[in-house]
1. Take the residues of the stretch 35-54 that are modelled with pLDDT of 95 or more and over 30 Å from Gly97 (Cα atoms): which is surrounded by the most Cβ atoms within 10 Å (Cβ to Cβ)?
2. For the stretch 83-98, indicate whether the set of residues that are outside the structural domain of Thr130 (by TED's automatic domain parsing), in contact (Cβ under 8 Å) with a residue 24 or more places away in the chain, more than 27 Å from Thr135 (Cβ to Cβ) and buried (at least 17 other Cβ atoms within 10 Å of the Cβ) is non-empty.
3. Of the numbered conditions (1) exposed (fewer than 15 other Cβ atoms within 10 Å of the Cβ); (2) farther than 29 Å from Tyr20 by Cα; (3) modelled with pLDDT under 95; (4) not aromatic (Phe, Trp, Tyr), Thr135 satisfies every one except a single condition; which is it?
4. Could you tell me whether the stretch 120-129 includes any residue that is within 28 Å of Lys9 (Cβ to Cβ), free of Cβ contacts under 8 Å to residues at least 60 places away in the same chain, outside the structural domain of Asp43 (by TED's automatic domain parsing) and assigned to a loop (DSSP other than H, G, I, E, B)?
5. Go through Asp151, Asp109, Asp83, Asp67 for me and flag whichever is closer than 17 Å to Met38 by Cα, among the acidic types (Asp, Glu) and at pLDDT below 95.
6. State which residue is nearest to Thr121 (Cα to Cα) when the search covers only the stretch 61-82 and only residues that are among the small types (Gly, Ala, Ser) and surrounded by 12 or more Cβ atoms within 10 Å (Cβ to Cβ).
7. Looking only at the stretch 1-33, count how many residues are in contact with a helix residue (DSSP H, G or I) (Cβ under 7 Å, 6 or more places away or on another chain) and farther than 17 Å from Thr48 by Cα.
8. For the stretch 30-52, which positions are touching a residue at least 24 places away in the same chain (Cβ under 8 Å), under 17 Å from Ser78 (Cα atoms) and not in a strand (DSSP E or B)?
Amino acid sequence: MIDSNGIAKMIEPSLTAMGYRVVRVMLVGGRRVTLQIMAERVDDAPLTLDDCTRISQSVSTLLDVDDPIPCAYTLEVSSPGIDRPLVRPEDYDRFSGFEAKIELRAPVDGRRRFRGRLLGTAEGGIRLATAAGETRLPLSLVARARLVITDELINTTQPRSH
């Protein structure tokens, strides 16, 4: 089995030195394997095609040296997009105030799916403002989480004109 977390740890120092932050590393596919690298710029500027090319070249070199994937694969580099996944605990603090959808591996209060405004993290959990009030969800139970596209999110991610 291929360890995508191990690949993330292997490429992260190089990408960080280049001015990028690894958002997610994921291996997908059965017959045709794709290694998806999702990254963003540490200065929060939009990721360009040139950025993706630089990341791809760096990752390819690192993977050629360590060879953690024993089969043929396609390398795909992309930005997280506006409705980005929330992967690390710090993502929930960084995007506090924005709306998110969170899916859990096991139910909390009889539910696995939640939607609400992020209030950050506290005591190993995510604070989420929902229609029913504040809910706390254990980070350890998060299966998937992502931002929801709203006018507010769009307005904060658009380049500002001078």
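1. The extreme case among them is Arg54.
2. no
3. That leaves (1) as the condition not met.
4. yes
5. Values: Asp151 fails: closer than 17 Å to Met38 by Cα; Asp109 fails: closer than 17 Å to Met38 by Cα; Asp67 fails: closer than 17 Å to Met38 by Cα.
Checking each option against the conditions leaves just Asp83.
6. Within the stretch 61-82, the subset among the small types (Gly, Ala, Ser) is 72, 78-79, 81.
Add one more test, that the residue is surrounded by 12 or more Cβ atoms within 10 Å (Cβ to Cβ), and what stays is 78-79, 81.
Working: Ser78: 27, Ser79: 24, Gly81: 22 Å.
Applying the filter and picking the extreme gives Gly81.
7. Step one: list which residues in the stretch 1-33 are in contact with a helix residue (DSSP H, G or I) (Cβ under 7 Å, 6 or more places away or on another chain), which gives 10-11, 14-15, 18, 20, 22, 25-27.
Filter once more, so that each one left must be farther than 17 Å from Thr48 by Cα: 10-11, 14, 25-27.
Counting residues in the stretch 1-33 that are in contact with a helix residue (DSSP H, G or I) (Cβ under 7 Å, 6 or more places away or on another chain) and farther than 17 Å from Thr48 by Cα gives 6.
8. Within the stretch 30-52, Val42, Asp43, Pro46, Leu47, Asp51, Cys52 qualify.
The values are calculated or read from the model by the stated rules, or taken from the named source; none is laboratory data. Remember, it's a predicted structure, so these values are computed and weren't measured experimentally. Here the Cβ is made from the backbone with ideal geometry for all residues, glycine too, and neighbour counts use every protein chain on show.
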